[in-house]
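The values are calculated or read from the model by the stated rules, or taken from the named source; none is laboratory data. Computed from a predicted structure; not experimentally measured. No Cβ is skipped: glycine too gets one built from the backbone with ideal geometry, and neighbour counts run over all protein chains shown. The protein model used for the area step is the full one, side chains on, heavy atoms only, and it has no ligands, DNA or RNA in it. Shrake-Rupley method; radii C 1.70, N 1.55, O 1.52, S 1.80 Å.
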Amino acid sequence: MAETRQFKTEVQQLLQLMIHSLYSNKDIFLRELVANAADALDKARFESLTDPALSRDWKITITPDKEAKTLTISDNGIGMSADDVVENIGTIAKSGTKAFLKMLEEKGENSADIPELIGQFGVGFYSAFMVASSVKLITKRAASPAVCWSSTGEGSYELDAAEKEVPGTDIILYLKDDAEIYLENWKISEIVHRYSDFIAYPIVMPEKKVNEDKTETVTERTLNSQKAIWLRKPSEISDDEYKSFYAHLSNFGGTEYLKAIHMTAEGTSEFKALLFLPKQAPFNLLMPDIQKKGLQLYIKRMFITDECKELLPDYLRFVCGVVDSSDLPLNVSREILQQNPLLGKIQSAVTGKVLSELKKLLENDRENYEKFFAEFGRIVKEGLHTDRPNAEKLKDLVLYESMNSEPGKRITLKEYVNAMPESQKDIYFITGEKREAVASSPALEYFKSKGYDVLFMTDPIDEWVMQSMYQYDQKFFKSITKGDFEDKELEEKVKADGEKFAAVAEFLQKSLDDKVSAVKFSGRLTDSPCCLITDGQALSPHMERLFRAMNQDVPVSKRILELNGDHPIIAALNEKIAAKADEAELKRYASILYDQALLLEGSPLPDPAAFAREVVTLLSGVLK
């Protein structure tokens with residue numbers, strides 16, 4: 001005779017909270033019930049090691065019945081006795097899994113032989129009430145009579161005897177009207193594929209086929225792949241399996257990847273990982289609003305999330321893969337990771353492994369590394385500014401074009417430093433929008449004459465990164481278009497030029513007062529008459545343009561006009577000023593000098609039409 005009992009936790013509100021508020025996605029009920037079934041199979045398989053009579057073909061069966069509006073989840077695992085049911089199902093948040101693990105530990109079982117069990121809270125079973133108006137559980141443990149547990153989730157349950165020959169558990173859900181979608185084969189397949197595809201046991205669904213003689217044949221279709229390839233040795237995985245799994249992870253249809261990276265971590269934080277370096281950047285790599293970030297997280301083969309941002313720093317967001325942990329704590333609904341130091345340890349280990357593999361690729365397969373860097377280099381460079389602990393490792397990975405390298409050819413910082421003449425003490429660089437623009441800058445002239453190389457930093461992110469990248473190999477980075485020019489050998493000459501052509505500097509300062517902050521002589525130039533230099537703390541014109549492109553209101557900053565005392569134009573202008581030439585004509589010369597300095601560095605002219613008119617006027621006077 002059926003016996004009605006109250007749940008041992010006295011507050012009915014707690015049960016209602018779990019049924020209606022614990023989970024944000026109803027689909028998760030099937031994940032939880034499949035996880036419980038997998039735990040039951042693990043326990044039974046563990047016992048069968050010492051009692052072979054218990055061994056059988058382990059599996060989980062999901063059976064929808066549209067006529068009865070029921071969904072049944074069955075397993076042939078450990079099963080439960082009546083006392084087990086009261087203890088584990090009749091008591092909310094009483095986890096049989098947790099107790100089982102504790103029992104094994106107390107018995108001193110070898111930890112390597114203890115099965116990995118998913119359940120930790122004992123509440124996943126109650127997620128069934130999100131979709132079911134009532135639930136019936138029929139279960140049998142070996143050497144114990146079968147028992148039936150049933151409830152509507154309203155604070156009480158019934159216990160009764162039942163008929164069941166084989167050990168295991170059947171959970172029958174009487175679905176609510178708004179949950180009948182869970183009777184559709186495609187929906188069940190979708191949920192299993194998403195959350196339980198890599199559960200170690202086959203998850204099957206019976207399918208009926210009507211034969212020509214109108215008889216019915218029932219077959220079973222396996223819904224999950226069971227192929228958690230990250231748990232296997234790389235030597236056991238075929239290229240096709242890698243490609244198939246990468247296509248499953250990558251979300252943009254490709255099967256070609258650059259490198260697969262396996263990880264196994266033991267100790268304070270145990271996890272396995274399989275990571276992929278892609279060959280090509282996805283279309284949304286630079287669209288953070290529509291891009292998924294982070295690795296897929298599994299806990300003991302059970303899918304938790306496909307966007308675990310905490311497992312990788314943002315500058316490695318192009319890496320896709322899986323991390324499967326056995327000891328990460330989740331919140332009670334297993335949808336959200338709790339803040340935990342283990343996350344930081346996993347991120348540190350995964351990041352270190354990726355950077356190590358990139359360095360190996362750079363050293364052993366330069367051609368493919370350069371292709372990779374062309375796709376993802378600007379993203380990797382973000383880490384130079386944001387990941388201080390790994391900044392030195394990242395400096396060894398970045399590539400730049402340079403003044404002395406062929407167009408399109410990139411070099412490492414190490415290669416730059418190794419090629420430095422003995423007289424060169426610093427690493428010189430110039431930022432700009434493209435190689436053609438920076439390669440024509442007058443600021444390069446002195447460095448060409450000395451045989452020094454200059455790095456061309458033409459990614460939009462470079463100048464932002466350089467604000468925190470101070471040195472490499474004990475050599476400081478110096479922008480050739482910022483700050484004062486230092487060359488002690490030329491100090492006396494520059495001083496003499498300043499005295500000799502003081503009238504030129506004074507006149508240009510007065511004429512261009514609304515455009516330049518100062519006019520002075522410098523040894524920076526050898527061929528051009530002048531160039532524009534940014535004060536050490538100010539934004540460069542390139543950065544100003546980038547900010548404006550992002551709708552940032554950045555005022556135009558005045559720059560320093562540096563003059564070349566050896567250029568004939570400066571001497572001719574000095575003579576014109578001494579002869580008190582027409583002031584309008586002199587101002588025209590000043591304007592043309594300023595605009596040509598902008599053109600040479602690749603900056604846009606504020607008024608191209610005015611510049612063209614000044615040049616035409618100048619030519620007309622010369623050609624008379």
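Please turn the phi angles of the range 218-232 into ³J(HN,Hα) values with the Karplus equation 6.51 cos²θ - 1.76 cosθ + 1.60 (θ = phi - 60°), one per residue in order, whole Hz, x for glycine and proline.
9, 10, 10, 9, 7, 8, 10, 7, 6, 9, 7, 5, 5, 8, 9
For the chain, find the longest principal axis of its Cα atoms and tell me its angle to the long axis of helix 568-578, 0 to 90°, nearest 10.
With both axes taken from Cα atoms, the answer is about 60 degrees.
For a quick check of your reading of the filter: which GluC sites (Glu not before Pro) in the range 518-606 sit in a DSSP loop and have no more than 14 other Cβ atoms within 10 Å?
Those that pass, being in a loop and sparsely packed, number zero.
What does the highest-first list of 30-40, 156-166, 564-574, 72-82 look like by mean Cβ count within 10 Å?
On the way: 30-40: 25.8, 156-166: 14.1, 564-574: 17.4, 72-82: 22.4.
Top to bottom by mean Cβ count within 10 Å: 30-40, 72-82, 564-574, 156-166.
Below 8 Å, C-alpha to C-alpha, sequence gap of six or more: please give me the relative contact order for the range 169-229 in percent. Don't skip to the answer; put the middle values down first.
Details: 60 pairs, mean separation 19.3, N = 61.
After rounding, I find 32 percent.
I need to check one value: relative contact order of the range 469-543, counting alpha carbon pairs closer than 8 Å and at least 6 residues apart, in percent. Could you put the intermediate results ahead of the total?
Values: 42 pairs, mean separation 29.3, N = 75.
This gives 39 percent for the range 469-543.
Using 28 Å as the Cα-Cα cut-off, could you pick out the over-long pairs in K450/K580; K26/K136; K359/K409? Can you show the working numbers first?
Numbers: K450/K580 38 Å; K26/K136 19 Å; K359/K409 18 Å.
Flagged as over cut-off: K450/K580.
Mind listing which GluC sites (Glu not before Pro) in the range 205-274 are in a DSSP loop and have 12 or fewer other Cβ atoms within 10 Å?
On the way: sites: E207, E212, E216, E220, E236, E241, E256, E266, E270; in loops: E212, E256, E266, E270.
Listed in order of number, the matching sites are E212, E256, E266.
Among T219, V354, T139, which residue has its Cα positioned farthest towards the positive end of the charge dipole of the chain, with +1 placed on the Cβ of Lys and Arg, -1 on the Cβ of Asp and Glu, and the dipole taken about the Cα centre?
Selected residue: V354.
What residues of the range 28-69 lie in the reach of a label at D177, counting those whose backbone N is under 16 Å from a point 7 Å from the Cα along Cα→Cβ?
Under cut-off, by backbone N: 69.
Which distance in Å, rounded to a whole number, links the C-alpha centroids of the range 543-596 and the range 202-264?
68
For the range 116-244, what is the accessible area per residue in Å², given a 1.4 Å probe and the full set of protein chains? Can you show the working numbers first?
On the way: 6340 Å² over 129 residues.
Ligands and nucleic acids excluded, the figure is 49 Å² per residue.
For the chain, build the charge dipole from Cβ charges (+1 Lys, Arg; -1 Asp, Glu) around the Cα centre, then report which of N364, H262, M205 sits farthest towards its positive end.
N364
The list (1) 71, 66, 54; (2) 78, 60, 52; (3) 122, 57, 48 gives values of Cα extents along the principal axes in Å, and only one came from this structure; which label was calculated from it?
Looking at Cα extents along the principal axes in Å for this model, the match is (3).
Which whole-number percentage describes the relative contact order of the chain, with Cα contacts under 8 Å and a sequence gap of 6 or more? Mind dumping the intermediate values first?
Details: 1030 pairs, mean separation 51.4, N = 624.
Relative contact order, the chain: 8 percent.
Leaving out ligands, DNA and RNA, what percent of the accessible area of the chain is carbon and sulfur, probe 1.4 Å? Mind showing how you got there, number by number?
Numbers: 15330 of 31020 Å².
So the carbon and sulfur contribution to the accessible surface is 49 percent.
Which ³J(HN,Hα) values in Hz, rounded to whole numbers, follow from the phi angles of the range 495-505 under the Karplus curve 6.51 cos²θ - 1.76 cosθ + 1.60, where θ = phi - 60° and Gly and Pro get x?
4, 5, 4, x, 6, 5, 10, 4, 5, 5, 4
Rounded to whole Hz and in sequence order, give me ³J(HN,Hα) for the range 613-619 from the Karplus expression 6.51 cos²θ - 1.76 cosθ + 1.60, θ = phi - 60°, writing x for Gly and Pro.
For the range 613-619, the Karplus curve yields 5, 5, 5, 4, 4, 5, 5 Hz.
Using Cα positions and a limit of under 19 Å, work out the lysines in reach of K345, with same-chain residues fewer than 8 apart set aside.
Partners within reach: K272, K293, K300, K309, K353, K393.
Take D566 and S55, extend 7 Å from each Cα along the Cα→Cβ direction, and tell me the distance between the two endpoints in nm.
8.9
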